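First comes the structure, then the notes that go with it.
The values are calculated or read from the model by the stated rules, or taken from the named source; none is laboratory data. Source: prediction; values computed, not measured. Cβ: placed from backbone, ideal geometry, glycine included. Neighbour counts: every protein chain shown.
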Amino acid sequence: MKQLKDFKEDIHKCSKCGLCQGECPIYKITGNDCTVSRGQFVMLDGLLKGELKMSKTINHYLDLCLKCGACSKFCPSGIDVVDIIAAAKSEYFKTHKTEKLISLFQKKIIFKLIPNFLSIFHLPLKYLPLKSKVYPKKVLYFGGCGSKIKGFKSIVKILNSIEIEV
Ligand code: SF4
Ligand code: SF4
């Protein structure tokens, strides 16, 4: 996997035109430049130059990005933000190993173990800690720009395992 320093040239290609702001669903809510590729590239450039240190705050902004790639499609410099964010996340985990373990553990639990657990025991809904009456039997799941995130199928699987048709 490429490291953050391998994306130095890509990051420098950003002209700060701000077109990504018009496409980013997160920026539309936050209005904060640190949550869209333009601002994130400024932060990551600071890291590469040694002017900034990787921190929980930077990681928080990296996490807010949905990795949907919507901004990249309209970026005149053709920068692929998704790969850059992934490399930056891996940089963060190098110095925060415990958090990496927790993150992996959570993903494992949420996306793998829960559906398997439910299907092994064929638990009827009444034995689950969910009250069937408050949940609809059938739902429409709108993945939106987050649908490219791994685990989308698992969300459907989880809903099916508690007898909710998607
Ligand atoms: S659209 Fe591309 S070049 Fe323009 S500010 Fe966003 S990331 Fe930078
Ligand atoms: S990948 Fe999606 S969420 Fe992330 S900065 Fe681009 S448009 Fe925003």
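For the range 66-76, the count of residues that are of a type outside the set (Gly, Ala, Ser) and farther than 21 Å from LEU19 by Cβ is zero.
Name the residues in the range 35-51 that are within 13 Å of ligand 1 (Cβ to nearest atom) and of a type outside the set (Asp, Glu), would you? Give the derivation first.
Residues of the range 35-51 that are within 13 Å of ligand 1 (Cβ to nearest atom), as a first pass: 35-45.
THR35, VAL36, SER37, ARG38, GLY39, GLN40, PHE41, VAL42, MET43, LEU44, listed by residue number.
Among the residues examined, LEU66 qualifies as in contact (Cβ under 8 Å) with a residue 12 or more places away in the chain, surrounded by 16 or more Cβ atoms within 10 Å (Cβ to Cβ) and within 13 Å of ligand 2 (Cβ to nearest atom). Picking from residues in the range 1-34 that are among the acidic types (Asp, Glu) and in contact (Cβ under 8 Å) with a residue 60 or more places away in the chain, the one that is nearest to ligand 1 (Cβ to nearest atom) is ASP10. Would you confirm whether or not the range 28-38 contains a residue that is among the basic types (Lys, Arg), within 16 Å of ligand 2 (Cβ to nearest atom), modelled with pLDDT under 95 and farther than 21 Å from PHE7 by Cα? Yes, that holds for at least one residue. Any residue at all in the range 111-133 that's of a type outside the set (Asp, Glu), part of a helix (DSSP H, G or I) and modelled with pLDDT of 65 or more? Within the range 111-133, not a single residue is of a type outside the set (Asp, Glu), part of a helix (DSSP H, G or I) and modelled with pLDDT of 65 or more.
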